[in-house]
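Q: One structure coming up, written as structure tokens, with questions to follow.
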Amino acid sequence: MAKFWKLIGYLLLALFNAFSIWGALFLFSRGFYELSITFFVLIILIDYFVLNSRAYPYRYMIPAVILLFILVLYPIAFTIKTAFTNYGTGHIMTRQEVLDRLLTDPVYTYVPDNAKSYDYQIFVRYNGIDATEDFKMIVVNENGEKYIVGNIKPVRMQAGKMILGEAELIDMEKVQTITENGKLIAIVEDGKTYNYFYSPSDKETAINEVFFKSKIAFPILSKVEIVDNQRNRLSLRFSSDGSLKLVQIKHLYRLALSEVVENGKTVVKTTLVNDRTNKPLLEEEGMFYDFDEKGEKVPVLGYISYVGSKNFTKIFTDPTVSGPFTKIFLWNFTYAALSVLFTFVIGLSFALVLNNNTLRGRTIYRTLLIIPWAIPAFISVLIWKNGFFNETYGVFNRFIVTNLFNGDPVKWMTNPFWAKVAVLIVNTWLGFPYMMTVSLGALQSIPDELYEAASIDGASKSKRFWKITFPLLMTTIAPLLVGSFAFNFNNFVNIYLLTAGGPAIPNTTTPAGATDILISYTYKLAFEAGRGQDFGFASAISILIFFIVAGISFVNFRISGSFEEVNR
């Protein structure tokens, strides 16, 4: 029986390997190289854990290893890679994808000056009295010769949808037709009958124009190029009277050998050429540029390209970026430091009071004081924002500032100073119960004998606090303060829900706000930038945040002596 289950296990492992290798190869073929490598490494590690008897204990770590690689290591690698690219709005696709789109997308086509126009007729299959989207199309050339459009073959697909299709014209002799009084009224194919439905030159079918445009022309035929026997390409285009005409088209761009200047030298290479002007497109910094009639550059499409350390240097060399970045960094450091200071001081104060054994009702007080920590933070933040800091009907402005003191309403959300005050108040409210709890636990671990000995020696309460309580408290609390600083340094939720980083900093090209911290600034750059998303720049800032937090945490641990404590 044991051999049977062992065989089943090996079969499952073989299936897992086959599926994982197929997935890794699929990802590699689609350009996801980092994720593909991650899959291959995981396959090797899992096989080693399962097949090697010496690695038996590691088998229980397989789920954790999978999550570690996919949810931690791969995102880190992807972020580092993205930081050295221009990945963002206008630069989402790879270079090959951009080339394919410029060469095949119906958007990048034009109608030549001497283009011929063709009449066409649409035949649809009916379901009872209702027309369906199943259709046939007949094209009539300038000589009156009729051809039927063959089956549509997808040329370019995206997300399972056809972006470009092709169909060839077929002689009418190869299809079965039904005529009446010399007029073609139906087509029969594969046992299906397609009845005459619409033609732009037949006013009697104008009633069917809306159905034709909405169900057939725009969703299907607008993405199809019809190729005749002379290899001309035909497609539907709007005419001056608003009707859809079938005309001869050409693709705007084509590949050709052109002379270009690279590093001061003229070389011949394959480039994109504008078919109308016969001028090669300019390619620089991950963008294809065409030229207008005045010879000025016109951006066409961009692609993801390697930009080196440009995203990092821009932070320090571009004044419109470095200025706001410096302000945000200084505020970020101040915000994290003051949040730790305020929450610790208030939390420790309450902990000292609650640690007094003679205080009655300590359990009730402790329960009440821990409520801000128990309530979900996003609920508390929204209550503070709308109930207390609203500039029109908030409690502070309406009942305290204006009624009691007859003062002007405080601009909590529009004045940079008061917005920062509001952020600190809310963060202190949310953070002091945690500090109170850990401080109370640390205080209760201090032996009472130390205080008794100090009292006998004549030490006052303040001396006992600074000489006994505080040093012993910091031994336990110091690492938690460092962790709290790192948490507040990246405390995105409170900032974003309360002020969304606002009010905005003037004279900047990035969406920087007075209360933004680096992580909220990064989020705006990546997902909410008014000029478009900039994932590359956001990734660069994310890497800087990591080194900043790591460096500050290392210094704080060294100062607090936590490393030495661990070594003991």
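The values are calculated or read from the model by the stated rules, or taken from the named source; none is laboratory data. All of these numbers come straight from a predicted model, not from anything done at the bench. Neighbour counts are summed over all protein chains in view; Cβ atoms, including those assigned to glycine, are modelled from backbone coordinates with ideal geometry. Note: accessible area is taken over every heavy atom of the protein model, side chains too, but ligands, DNA and RNA are not part of it. Shrake-Rupley method; radii C 1.70, N 1.55, O 1.52, S 1.80 Å.
Q: Only residues that are under 18 Å from Gln248 (Cβ atoms) and free of Cβ contacts under 8 Å to residues at least 40 places away in the same chain: list them for region 100-138, please.
A: Result: Val107, Asp113, Asn114.
Q: For region 401-420, how many residues are assigned to a helix (DSSP H, G or I), surrounded by 14 or more Cβ atoms within 10 Å (Cβ to Cβ) and aliphatic (A, V, I, L, M)?
A: To start, the set of residues in region 401-420 that are assigned to a helix (DSSP H, G or I) comprises 401-404, 416-420.
Restricting the remaining residues to those that are surrounded by 14 or more Cβ atoms within 10 Å (Cβ to Cβ) gives 401-402, 416, 418-420.
When the remaining residues are screened for being aliphatic (A, V, I, L, M), the result is 401, 419.
Of the residues in that region, 2 qualify.
Q: Find the strands (runs of 3 or more DSSP E) located wholly in region 132-176 whose residues include 1 or more that are among the small types (Gly, Ala, Ser) and out of contact with any Leu (no Cβ under 6 Å at 6 or more places or on another chain), and list them. Before you say what the answer is, go through the steps one by one.
A: Values: elements: 146-149, 153-158, 161-171.
Ranges flagged: 161-171.
Q: Which one is nearest to Asp105 (Cα to Cα) among residues in region 253-276 that are open to solvent by less than 70 Å² (accessible area, probe 1.4 Å) and modelled with pLDDT of 80 or more? Steps first, answer last, please.
A: Step one: of region 253-276, the residues open to solvent by less than 70 Å² (accessible area, probe 1.4 Å) are 253, 256, 258, 260, 267, 271-275.
Now drop any that are not modelled with pLDDT of 80 or more, which leaves 253, 256, 271-275.
Numbers: Tyr253: 10, Ala256: 18, Thr271: 18, Leu272: 14, Val273: 15, Asn274: 14, Asp275: 15 Å.
Step by step, filter region 253-276, then rank; the result is Tyr253.
Q: Do you know which residues across region 332-368 are open to solvent by 20 Å² or more (accessible area, probe 1.4 Å), in a helix (DSSP H, G or I) and either among the basic types (Lys, Arg) or under 22 Å from Pro506 (Cα atoms) (or both)?
A: Result: Phe333, Thr334, Arg362, Arg366.
Q: Select from region 133-157 the residues that are basic (Lys, Arg) and touching an Asp or Glu at 6+ places or on another chain (Cβ under 8 Å) and write down the one among them that is surrounded by the fewest Cβ atoms within 10 Å (Cβ to Cβ).
A: Keep residues of region 133-157 that are basic (Lys, Arg), which gives 136, 146, 153, 156.
Subset that is touching an Asp or Glu at 6+ places or on another chain (Cβ under 8 Å): 136, 153, 156.
On the way: Lys136: 22, Lys153: 11, Arg156: 16.
My answer is Lys153.
Q: Confirm whether Val381 is β-branched (Val, Ile, Thr), open to solvent by 40 Å² or more (accessible area, probe 1.4 Å), assigned to a helix (DSSP H, G or I) and under 30 Å from Gly483 (Cβ atoms). Quick ask: steps written out before the conclusion?
A: Values: β-branched (Val, Ile, Thr): yes; open to solvent by 40 Å² or more (accessible area, probe 1.4 Å): no; assigned to a helix (DSSP H, G or I): yes; under 30 Å from Gly483 (Cβ atoms): yes.
No, not satisfied.
Q: Let me ask something else about it. Which residues, taken from region 19-78, are aromatic (Phe, Trp, Tyr), open to solvent by less than 50 Å² (accessible area, probe 1.4 Å) and either touching a residue at least 60 places away in the same chain (Cβ under 8 Å) or over 26 Å from Tyr303 (Cα atoms) (or both)? First the steps, then the outcome.
A: Restricting attention to region 19-78, the residues satisfying the condition of being aromatic (Phe, Trp, Tyr) are 19, 22, 26, 28, 32-33, 39-40, 48-49, 56, 58, 60, 69, 74, 78.
Going one step further and asking which of them are open to solvent by less than 50 Å² (accessible area, probe 1.4 Å), we end up with 49, 69, 74.
Within region 19-78, Phe49, Phe69 qualify.
Q: From Ile304, Ile328, Ile220, Ile315, grab the single residue that is closer than 30 Å to Glu142 by Cα and of a type in the set (Val, Ile, Thr). Lay out the reasoning, then the answer.
A: Numbers: Ile304 fails: closer than 30 Å to Glu142 by Cα; Ile328 fails: closer than 30 Å to Glu142 by Cα; Ile315 fails: closer than 30 Å to Glu142 by Cα.
Exactly one residue qualifies, and that residue is Ile220.
Q: I've got another one for you. Could you list, in sequence order, the residues of region 185-217 that are within 22 Å of Gly242 (Cβ to Cβ) and assigned to a strand (DSSP E or B)?
A: At the first step, the residues of region 185-217 found to be within 22 Å of Gly242 (Cβ to Cβ) are 197-217.
The answer is Phe197, Tyr198.
Table: residues versus (1) buried (at least 21 other Cβ atoms within 10 Å of the Cβ); (2) part of a loop (DSSP other than H, G, I, E, B); (3) acidic (Asp, Glu); (4) at pLDDT below 85.
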{"position": "Val493", "(1), (2), (3), (4)": "no, no, no, no"}
{"position": "Leu497", "(1), (2), (3), (4)": "no, no, no, no"}
{"position": "Gly502", "(1), (2), (3), (4)": "no, yes, no, no"}
{"position": "Asn507", "(1), (2), (3), (4)": "no, yes, no, yes"}
{"position": "Thr510", "(1), (2), (3), (4)": "yes, yes, no, yes"}
{"position": "Asp516", "(1), (2), (3), (4)": "yes, yes, yes, no"}
{"position": "Thr522", "(1), (2), (3), (4)": "yes, no, no, no"}
{"position": "Phe527", "(1), (2), (3), (4)": "no, no, no, yes"}
{"position": "Gly532", "(1), (2), (3), (4)": "no, yes, no, yes"}
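Q: Within region 197-209, restricting attention to residues that are open to solvent by 50 Å² or more (accessible area, probe 1.4 Å) and not charged (D, E, K, R), which residue is farthest from Asp134 (Cα to Cα)?
A: Ser201
Q: Scan region 266-273 and give yes if some residue there is of a type outside the set (Lys, Arg) and in contact (Cβ under 8 Å) with a residue 60 or more places away in the chain, otherwise no.
A: Step one: list which residues in region 266-273 are of a type outside the set (Lys, Arg), which gives 266-268, 270-273.
Of the ones still in play, those that are also in contact (Cβ under 8 Å) with a residue 60 or more places away in the chain are 272.
Scanning region 266-273, I find at least one residue that is of a type outside the set (Lys, Arg) and in contact (Cβ under 8 Å) with a residue 60 or more places away in the chain, so the answer is yes.
Q: Something else now. Out of all the residues in region 431-470, which are of a type in the set (S, T, N, Q) and either farther than 22 Å from Ile370 by Cβ or at pLDDT below 90 (or both)? Quick ask: steps written out before the conclusion?
A: Of region 431-470, the ones of a type in the set (S, T, N, Q) are 437, 439, 444-445, 455, 460, 462, 469.
Correct list: Gln444, Ser445, Ser455, Ser460, Ser462, Thr469.
Q: Here's something else I'd like to know. Of the conditions (1) of a type outside the set (Phe, Trp, Tyr); (2) under 30 Å from Tyr120 (Cβ atoms); (3) outside any strand (DSSP E or B), Val247 satisfies every one except a single condition; which number is it?
A: (3)
Q: Let me ask something else about it. Kindly check whether there is at least one residue in region 51-68 that is in a helix (DSSP H, G or I) and within 22 Å of the chain's Cα centre (by Cα). Walk me through how you get there before you give the answer.
A: Looking only at region 51-68, we keep the residues that are in a helix (DSSP H, G or I), and these are 51, 53-68.
Among the residues that remain, those that are also within 22 Å of the chain's Cα centre (by Cα) are: 67-68.
The answer is yes; a qualifying residue exists.
Q: A follow-up question, please. Since Asp290 meets every condition but one in (1) among the acidic types (Asp, Glu); (2) at pLDDT 90 or above; (3) open to solvent by 30 Å² or more (accessible area, probe 1.4 Å), which condition does it not meet?
A: Just one mismatch for Asp290, condition (3).
Q: Across region 272-331, what is the number of residues that are in a loop (DSSP other than H, G, I, E, B) and more than 30 Å from Asp113 (Cα to Cα)?
A: Let us first name the residues in region 272-331 that are in a loop (DSSP other than H, G, I, E, B), namely 275-279, 281, 285-286, 292-296, 303-305, 307-309, 318.
Filter once more, so that each one left must be more than 30 Å from Asp113 (Cα to Cα): 285-286, 303-305, 307-309, 318.
Matching residues across region 272-331 total 9.
Q: Same structure again: Do we have Phe84 as of a type in the set (Phe, Trp, Tyr) and either closer than 19 Å to Ser542 by Cβ or open to solvent by 70 Å² or more (accessible area, probe 1.4 Å) (or both) here? Break it down into steps so the answer makes sense when it comes.
A: On the way: of a type in the set (Phe, Trp, Tyr): yes; either closer than 19 Å to Ser542 by Cβ or open to solvent by 70 Å² or more (accessible area, probe 1.4 Å) (or both): yes.
In short, yes.
Q: Criterion first (surrounded by 15 or more Cβ atoms within 10 Å (Cβ to Cβ) and within 16 Å of Asp105 (Cβ to Cβ)) does Glu225 satisfy it? Steps first, please.
A: On the way: surrounded by 15 or more Cβ atoms within 10 Å (Cβ to Cβ): yes; within 16 Å of Asp105 (Cβ to Cβ): yes.
Judged against the criteria, Glu225 is a match.
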